[in-house]
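These notes are about the structure you will find just below.
FYI, it's all coordinate maths here, none of it is from the lab. All values derive from a computational prediction rather than experimental measurement. All Cβ positions, glycine included, derive from the backbone under ideal geometry; neighbour counts span all protein chains shown.
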Amino acid sequence: MDPNAPRPVRNSTRDQQSLNRVQRWVMSTLAVTTILHLAGGLILAAIFLDDPRRDAQIGLNLIAAAFGVIAVIAFRAIHGKSILSAWLAVGLVPGAIGLWLTLG
C-alpha cells in the first residue's frame with residue numbers, strides 16, 4: 001500500500017443500482033418458484049384425488065391457476081411494473097396443464 005498513490009474511488013451509486021437489480025431478480029425468482037411449487041402440489045393433489053364427480057379435482061386446478069396468476073403478480077410487483085397486463089394470462093398455464101392432466 002502506497003500512501004502517495006491511494007486507490008481510485010469506486011462509483012458507489014452504480015454499484016448500488018447493480019446490487020438492487022440483482023436483489024430484485026433473486027427475490028422475484030424465489031417468489032415465483034415457491035408459488036409455482038404450491039400450484040404444482042395442488043395439481044398433484046388433484047391427480048391423485050379419487051372423486052367420482054371430479055368437482056374437487058376441477059376446484060384444485062382452479063386454485064392452482066389462481067396461484068399461477070398470483071405468481072405473475074408477485075413478479076411484476078417486485079420489478080415495479082404495472083400489475084394489470086396481458087402477462088396475467090401466463091399465470092393460467094398451471095391450471096390449464098392441471099385440467100389437461102386430470103381430465104384427459
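What's the percent breakdown of Cα-Cα distances in the chain across 5 Å bins, shortest bin first? That works out to 2, 13, 17, 14, 12, 9, 8, 6, 4, 4, 3, 3, 2, 2, 1, 0, 0, in percent per bin.
Other residues lying with their Cβ under 11 Å from the Cβ of L60 contribute a combined charge of -1, Lys and Arg counting +1, Asp and Glu -1.
Mind listing which trypsin sites (Lys or Arg not before Pro) in the range 42-80 are in a DSSP loop and have 11 or fewer other Cβ atoms within 10 Å? Working shown, then result.
Values: sites: R53, R54, R76; in loops: R53, R54.
Those that pass, being in a loop and sparsely packed, are R53.
Relative to the dominant Cα principal axis of the chain, helix 93-103 is inclined by about 30°.
Before rounding to the nearest 500, sum -39500 (n - 2.57) across all DSSP H runs of length at least 4 in the chain and divide by the residue total; then give [θ] at 222 nm in deg cm²/dmol. Walk me through the numbers on the way to the answer.
Details: 3 runs with 72 residues, N = 104.
The per-residue figure over the chain is -24500 deg cm²/dmol.
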